[in-house]
Amino acid sequence: MSDSAIFKRNSSVNFSPQDLSQKEIDSIIQASIWAPSSRNLQPWKIIAVKRSSDRFDRLVKAMSEGNQEWAQNSGLIIIFCTENDQNISPKTFLNIGFSGQNAMIRSAELGLESHPIGGWDEDKVKEISNIPSDSQVAFLLVIGKEGKIDMLSKELLEKHNKQRERNPLDINFNFDEWGKNF
Ligand SMILES: Cc1cc2nc3c(=O)[nH]c(=O)nc-3n(C[C@H](O)[C@H](O)[C@H](O)COP(=O)(O)O)c2cc1C
């Protein structure tokens, strides 16, 4: 079980400042678009910004500050947005989340690091990649090759070494009935 890419994936802060190969990018895009979606609406708009793009640095600066230090070393930032020609509902974001999870799992299978981001300046991100104002950014996904641990700042090294945690199962999981029968 622990061999699965599901368990290899983690929100990494240890990136190497280099582009991904086109093959890696294509593979991640394919994984993203083959996610399930309600009525197969595929409500995601996916914009991949490569490290070599002149928009990359601006996009990093549009992230909330705590994310910039590690995201600036990544190879690819993917903006997951809503399609703007439909009524946006919670399912829209659920579907986009599945797409993003596929991208993260595929990245792990390819031996790449990834980290989802929930903090950004919406107006700046939209301006940088010409996203229509009636669309919404769902989340940003940072992907890259693994960096060298000795290049990390003290603060990032602490984050890198921090024990990952999950709640005990009975907090989030039950058989048959809410709050019973774990
Ligand atoms: C929607 C979403 C937004 C997140 N936003 C941030 C963020 O802005 N900065 C950050 O460092 N981590 C962010 N994370 C990563 C979570 O902190 C991380 O998934 C959680 O701590 C569990 O760790 P793991 O991904 O290594 O299992 C986000 C995760 C998700 C799913």
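The values are calculated or read from the model by the stated rules, or taken from the named source; none is laboratory data. Note that the structure is predicted; figures quoted are calculated from it, not measured. For neighbour counting, all protein chains shown are included, and Cβ atoms are generated from backbone atoms with ideal geometry for every residue, glycine included. When the accessible area is computed, the model is the full protein with side chains, heavy atoms only, and any ligands, DNA or RNA have been set aside. Shrake-Rupley method; radii C 1.70, N 1.55, O 1.52, S 1.80 Å.
Over its Cα atoms, what ratio of radius of gyration to 2.2 N^0.38 Å does the chain give?
For the chain, the normalised Cα radius of gyration comes out at 1.09.
About its Cα centre, the dipole of the stretch 1-106 is roughly 160 debye, where the only charges are +1 on Lys and Arg Cβ and -1 on Asp and Glu Cβ. For the stretch 8-151, DSSP calls about 95 percent of its internal beta bridges antiparallel. Taken as entire DSSP H runs, the helices of the chain that both span 18 Å or more between Cα atoms along their own long axis and average -0.5 or more on the Kyte-Doolittle scale are 90-109. A Cβ-based charge dipole, computed about the Cα centre of the chain with Lys and Arg at +1 and Asp and Glu at -1, lands at about 240 debye.
Multiplying the residue separation of residue 123 and residue 177 by 0.36 nm and removing their Cα-Cα distance gives an extension gain of 15.1 nm.
In terms of the Cα gyration tensor, with a ≥ b ≥ c the square roots of its eigenvalues, is the stretch 75-137 rounded because a/c is under 1.5, prolate because a/b exceeds b/c, or oblate? Note, shape of the stretch 75-137 comes out oblate.
Largest accessible area first, the listed residues 24, 146 line up as 146, 24 when surface is computed with a 1.4 Å probe on the assembled protein chains.
Give a quick list of chymotrypsin sites (Phe, Trp or Tyr not before Pro) in the stretch 32-137 that DSSP marks as loop, anything other than H, G, I, E or B, with at most 14 other Cβ atoms within 10 Å.
Hits after loop and neighbour filter: 34.
In the stretch 8-151, taking the dipole from charged Cβ atoms about the Cα centre, the farthest positive-side position among 149, 29, 53 is held by 29.
Evaluated over the stretch 1-109, the count of Lys pairs having alpha-carbon atoms less than 24 Å apart is 7 (only pairs 8 or more residues apart or interchain). With bins 5 Å wide beginning at 0, the percent of Cα pairs of the stretch 34-95 falling in each bin runs 4, 16, 22, 16, 13, 17, 10, 1.
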